[in-house]
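One structure is given here, and the rest of the page talks about it.
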Amino acid sequence: MEKKMYRTAILETLAAEMERDPNVVLLGEDIVGGMGTPGGPEAIGGIWKTTEGLFGRFGADRVIDTPISESAIIGAAAGLALSGKRPVAELMFADFVGVCMDQIWNQIAKFRYMFGGKSRCPVVIRMAYGAGRNASAQHSQSVHQMLTGMPGLKVVMPTTPADAKGLLAQAIRDDDPVIFLEHKTLYATKGNVPDGEYLVPFGHARLTRAGTDVTLVSFGLMLGYCEQAADLLAAEGIGCDVIDLRTTSPLDEEAILDSVEVTGRLVVVDEAPPRCNIATDIISLVCAKAFVALKAPPVAVTPPHTPVPFARELEAAYLPSPEKIAAAARKTLSWK
Amino acid sequence: MEKKMYRTAILETLAAEMERDPNVVLLGEDIVGGMGTPGGPEAIGGIWKTTEGLFGRFGADRVIDTPISESAIIGAAAGLALSGKRPVAELMFADFVGVCMDQIWNQIAKFRYMFGGKSRCPVVIRMAYGAGRNASAQHSQSVHQMLTGMPGLKVVMPTTPADAKGLLAQAIRDDDPVIFLEHKTLYATKGNVPDGEYLVPFGHARLTRAGTDVTLVSFGLMLGYCEQAADLLAAEGIGCDVIDLRTTSPLDEEAILDSVEVTGRLVVVDEAPPRCNIATDIISLVCAKAFVALKAPPVAVTPPHTPVPFARELEAAYLPSPEKIAAAARKTLSWK
Amino acid sequence: MQLSREALLRAYRQMKLIREFEERLHVEIMTGEIAGFTHLYSGQEAVAVGVCEHLTADDKIISTHRGHGHCLAKGVEVKGMMKEIWGSREGTCKGKGGSMHIASEEHGMLGANGIVGAGAPIAVGAAIAAKLNGKGGVSITFSGDGACNQGTTFEAMNFAVVTKAPCIFIFENNHYSEHTGYEYAVGTSGDIASRAEAFGMKVWRGDGTDFMSVYDTMRDVLEYVRAGHGPASVEFDTERFFGHFEGDPQRYRADGELDRIRAERDCLRKFRDSVTGAGLLSHTELDSLDAEILDLIQSAVDDARAAERPTAEDVLTDVYISY
Amino acid sequence: MQLSREALLRAYRQMKLIREFEERLHVEIMTGEIAGFTHLYSGQEAVAVGVCEHLTADDKIISTHRGHGHCLAKGVEVKGMMKEIWGSREGTCKGKGGSMHIASEEHGMLGANGIVGAGAPIAVGAAIAAKLNGKGGVSITFSGDGACNQGTTFEAMNFAVVTKAPCIFIFENNHYSEHTGYEYAVGTSGDIASRAEAFGMKVWRGDGTDFMSVYDTMRDVLEYVRAGHGPASVEFDTERFFGHFEGDPQRYRADGELDRIRAERDCLRKFRDSVTGAGLLSHTELDSLDAEILDLIQSAVDDARAAERPTAEDVLTDVYISY
Ligand SMILES: Cc1ncc(C[n+]2csc(CCOP(=O)(O)OP(=O)(O)O)c2C)c(N)n1
Ligand SMILES: Cc1ncc(C[n+]2csc(CCOP(=O)(O)OP(=O)(O)O)c2C)c(N)n1
Ligand SMILES: [Mg+2]
Ligand SMILES: [Mg+2]
């Protein structure tokens, strides 16, 4: 067990899986870097440094640098997968799902069903999502709220370096299409990462701390904020269950319901805009399945119904914060 | 007041608005039909017959038939709107948002915000959505669950011919971008349509019948199913408030909350797949804002988490039905 | 190069099979028994067959909304397809896909596709896979004259050139996309091949109503692509005999156009005239094939009508392999 | 055609303004004061200015992630832009857009754009609007060598040809998209213009580091497009002096490449040499312009630093006109 960065966990897992299975191929923009330049391949790796050195190690056939053509990238991944390969495609920013949504939503997600269960399309689409780096409206978005709603996709959102490893290995070995969402503010965070083979199954949330007063549910950047909120609340004598969803599709309903059965109070923190997102999804689920247990109305903590703004002050105000989360928890606790 | 088809209401409203405002221009695939053929322009109108005769009346400059290039269609609409026109773009099927999502989501929806409130982009994007015609997984989908979540868009879903007229006129005159969703099974339905100028403001739901036992919320094809369910329930002595949302963004929260304050029981019927949709959105809203009024857990009636299947039996089983809606209502009523 | 009698008979049989499959559907659809949207391939058979007769199951194809011909030409079972179009749970896709989504992995048929232009990038991926496998396999995408304006098609062409993928872009120019003429929608006065060429591919052109023209052209194309020169493109001029979808009144056509193309541009008639004229096959042989095929279609329809219907539980399966 | 002294001075001033704007940002960004991703236009000034000097406020342009130069060339206020990049609520976009989203309707500047390839279809729409207005206006989209592989760019070109829209597609080939070379990513050995030509447009090519080459080329292009012949395309060969974004170590460059292009391909140096050599302007005049511009930039930075910051309430405004 070693402390590693989130991005390192991803890079090493890609390498290990490529080593293990010759069918694993990577494709994406600048994942090699330097193609067709005087500096040559790998002059600079991808901008997130999650694919560095893989071209040198596995060659041009398996690490394919692509033109700026996201529909072609994702479509090609689909074709590779239908032909028996295990492509891992990278979208540099999750916001670019807009230019290739058809291939994700109408093609990859639906093949198996449309074809009567007679095909498999084990594509992994990795993408960097989320706000926090002042990258403005077109480079800061969450997309899980859309993708989770699409039958046929699995949606994975690792929060820790360990989960980045375990969930990515699972994603690559999984026979269904997987959307793998990497929060861009987490790449440089560090945590213990198990050595050797390590798989985290989908649909199993992680309870990061236990408390009996209120349940906080989240993932990604917001999970850390929940932890901070839980610290604030602990100082006031309030104990939180903090649940890291890990995957939004499949969803670990049981973990959420079990916790709410105990606490009776729920705060869901979602970085997506407020309408039709994972917060509404989970609150609706809990109301349907744990109505009696609820001691107070569940609360969603989300950004407002606006695009992501640029300026530091604006983005900070836009995002949920530990303080806002703690306030929401207090609100449920003081409710009567 | 005359009985007209939903499609006629749309066609006539397009014509009237084009007459009224020379800045209104239409664009879309086959909306003229016959371009570049021996039969010539308007040999056949668009496949939904919602633009028939408009080319002859308003000319090639204002009724623009396009190649199969949805990104270019929606992008061009954006450029027209930023230049002072009022484009009404047609996507033949709502499912095609997949090939032009970026232009809708990252461009049109965000211009005003990104540009600090200094631009306007009054685009209307009309599209035929929904299941019920055995058009299979790529031609039967709902998309409001994604589009409602996108800040910057308004999302309009007329159920009746009268609303098709009043909401479309409002959409064309509105200064913000509007997604106008026409349920493909409704085109041939008939209803009374007010003569002359008729505008339906956004964000005002329609109570189609009043009852004090349970609140049914829906729109589109499902609204009719709710009416049928209400008939079934009425026969059992159960009275329903039936709410036609008309627009999902903005949402008439008040109409929903007011009704639930009385009934204490809520069934939301959504044709979208179950995760992160309008049903979860409204249930979450009601739990937050009318928790005390709730006498039973709200129920979502939706298709399952699967693509839309083809065969008649499968599609029928996939969709919510009046019986399933009535059963859901009975369930909330018998809850304790 | 002269084809063997067997090859000629097989080619005729395949084209005739597609033709009769579609002509029968044209009739059956009118009765209202078949659900959904159906786009028929009648008139274009020489393209599908002229291409696919060169292919093995290792070679992949991907098709469009007008996919029956490509499926049959690639060997997908007639009866399974008919059942699928009828929405039976015994259909190729268990009644879940229908006419626009017939696929068969075992035949290297990666699917008809309801989204115009979606197939091209997928075909490039299959071509890259073939290249990785190193056995000379190719991947072929069929596109219409309408699809050639979709961004995905262009991206796919550039992508294939950059990755030197053994991908063949076949454009079936049947002059119409829905009700719109190709000379209007394709900005280059309707010329598709030159545009493909400008993406850096070698291109060919052929008469898509003449089996031999398609077949011979494809021999060259495949030789070139299998040799590792990267992608290629072919534009075939062809005709669709029916409307865009069933129910289309086709007022965009010229007076007498349908009669003329049936008379002068019918690939089956041309094929028959040419092989019988040259004494390679006899009318009797072909007539007996015709009869055989009509029987096959009849029994496919009978079977489809009698086949098991899907149930409500079937809705829930086949979304994931595990979830 | 010989430009007037005033026109030459203005051209120099505009190019120099862009250059100093970017050079200063390059320095300021290192301090960490400026948030987000910033892409600098240094080296390409002759393109933006050579194009925009022909335009009026009725003509529209749309830009890319690398948009500062196009904005300044189209007349957007320096101080508002600097404040925007600093994230001030006094900025062009009230601090909501930042470097990648500067727009100014009143100047006919439809926005920098963070999505590669997104601008092209929007520009076609603006061109159709100009055509409807019938006053000879045009719409111009700037794209990089990377953006020329995006499907939207291709769709837009076909669409403009079909609608005969007065749209000009300017490709600034600066040889790199992020860290990738154009010869790799553009399948036609890096030739962009021929591809545009194959979409049915008249195309031009020019040296994007030579103001006069750009300006003269654009005179012809605009004459052609304003005359109603439909769209056109121009490929300019140019250089970017900095990395893709600030912080890029640029190891993809050749040894000495940056020195070489600064020495041999600097549009400002070339311009100065040529106009002073021909005795059209004097070094003294240009030097005093330089000083004036440095002052302007300094005061823009001072102002930006001192300008009002946005507040939490500002997050909620400007989403809709009414809701
Ligand atoms: C993305 C998308 N846009 C539009 C359509 C609707 N549509 C289906 S087929 C078709 C015409 C296709 O024409 P062409 O490519 O020439 O093929 P053909 O029908 O002639 O075989 C259109 C517009 C679609 N299915 N997908
Ligand atoms: C759709 C999309 N894909 C990828 C990116 C990431 N990206 C931003 S700029 C860029 C390179 C653009 O290259 P080019 O068009 O040559 O413009 P240049 O940077 O040289 O001005 C890339 C890949 C993006 N912003 N949008
Ligand atoms: Mg066609
Ligand atoms: Mg470039």
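Points to keep in mind about this one:
- Value of relative contact order over the range D:61-217, rounded to a whole percent, pairs C-alpha under 8 Å and six or more apart: 18
- For the range A:73-154, alpha-carbon Rg and Dmax in angstrom: 13.4, 45
- Unit charges at the beta carbon, dipole of the protein assembly as shown: most positive-side option, D:9, A:155, B:84: A:155
- About the Cα centre, charge dipole magnitude for chain B (Lys/Arg +1, Asp/Glu -1 at Cβ), debye: 400
- Each other copy holds its own label point for residue D:302; taking that point as 7 Å from Cα along Cα to Cβ, the gaps run 9.7 nm, nearest first.
- Label-to-label distance for residue A:175 and residue A:2 is 3.4 nm, based on points extended 7 Å past Cα in the beta-carbon direction.
- Taking only the Cα atoms of the protein assembly as shown, the ratio Rg/Rh comes out at 0.96, with Rh defined as the Kirkwood radius.
- Near residue A:37, the amide H atoms lying under 5 Å from its own belong to D:181; only residues 5 or more places off or on other chains count, and H is placed 1.01 Å from N.
- In terms of its alpha-carbon gyration tensor, the range B:2-193 comes out rounded; the largest-to-smallest axis ratio a/c stays below the 1.5 threshold.
- If R0 equals 25 Å, the separation of the Cβ atoms of residue B:327 and residue B:262 corresponds to a calculated FRET efficiency of about 0.70.
- Using alpha-carbon coordinates, inclination of helix A:6-20 to the longest axis of chain A, degrees: 50
- FRET efficiency estimate (nearest 0.05) - Cβ-Cβ, residue A:20 to residue D:7, R0 51 angstrom: 0.20
- Sites residue D:263 and residue A:236 - FRET efficiency at Förster radius 56 Å, r taken between beta-carbons, to 0.05: 0.30
- For chain C, hydrophobic long helices are taken as DSSP H runs at least 20 Å long by C-alpha position along their axis with mean Kyte-Doolittle hydropathy of 0.5 or more; these are C:119-133.
- Helical contribution to [θ] at 222 nm, DSSP H n ≥ 4, -39,500 (n - 2.57), averaged over the protein assembly as shown, rounded to 500: -12000 deg cm²/dmol
- Extent along principal axes [Cα atoms of the range B:1-101; Å; largest to smallest]: 38, 34, 26
- Listed from fewest to most Cβ neighbours within 10 Å, the set C:270, D:96 follows the order C:270, D:96.
- Computed from backbone phi, the HN-Hα couplings of the range A:272-284 come to 6, x, x, 8, 6, 10, 5, 5, 5, 4, 6, 5, 5 Hz, rounded to whole numbers (Karplus: 6.51 cos²θ - 1.76 cosθ + 1.60, θ = phi - 60°; Gly and Pro given as x).
- Calculated over chain B: convex hull of Cα atoms, volume per residue (Å³): 134
- Label-point distances for residue B:228 to the equivalent site in the other copies, using a point 7 angstrom along Cα→C-beta, read 5.3 nm when ranked shortest first.
- Distance between the pseudo-spin-label points of residue D:278 and residue D:183 (7 Å out from Cα toward the beta carbon): 3.3 nm.
- Divided by 2.2 N^0.38 Å, where N counts the residues, the Cα radius of gyration of the range D:227-296 comes to 1.56.
- Between copies, the label points of residue C:133, set 7 Å from Cα on the Cα→Cβ line, lie 5.6 nm apart, reported in increasing order to one decimal in nanometres.
- Once backbone amide H atoms are built at 1.01 Å from N, residue D:177 has D:182 as its partners under 5 Å, excluding neighbours fewer than 5 places away on the same chain.
- Modelled spin-label separation between residue C:223 and residue D:285, with each label point placed 7 Å from Cα along the Cα-to-Cβ direction: 6.7 nm.
- For residues of B:91-101, the mean tally of beta carbons on other chains within 10 Å: 6
- Within chain C, percent of DSSP bridges classed antiparallel, to nearest 5: 10
- Per residue of peptide C:306-318, the mean number of Cβ atoms on other chains within 10 Å of the residue Cβ is 5.
- The reciprocal of the average 1/r between distinct C-alpha atoms defines the Kirkwood hydrodynamic radius, which for the range A:206-333 equals 14.4 Å.
- The range B:240-257 - phi-based ³J(HN,Hα) in whole Hz, Karplus 6.51/-1.76/1.60, Gly and Pro as x: 10, 7, 10, 10, 9, 5, 6, 10, 9, 8, x, 9, 7, 4, 4, 4, 5, 5
- Cβ crowding within 10 Å, taken as a proxy for footprinting-reagent exposure, orders A:136, D:213, B:83 from fewest neighbours to most as D:213, B:83, A:136.
- Residue order, fewest to most surrounding Cβ atoms within 10 angstrom, among D:139, B:69, C:189: C:189, D:139, B:69
- Bins of 10 Å from zero: percent of alpha-carbon pairs in chain C: 6, 27, 35, 24, 7, 0, 0
Coordinate-derived values only; no laboratory data. Remember, it's a predicted structure, so these values are computed and weren't measured experimentally. So basically every Cβ, Gly included, is an ideal-geometry build from the backbone, and we count neighbours across all protein chains shown.
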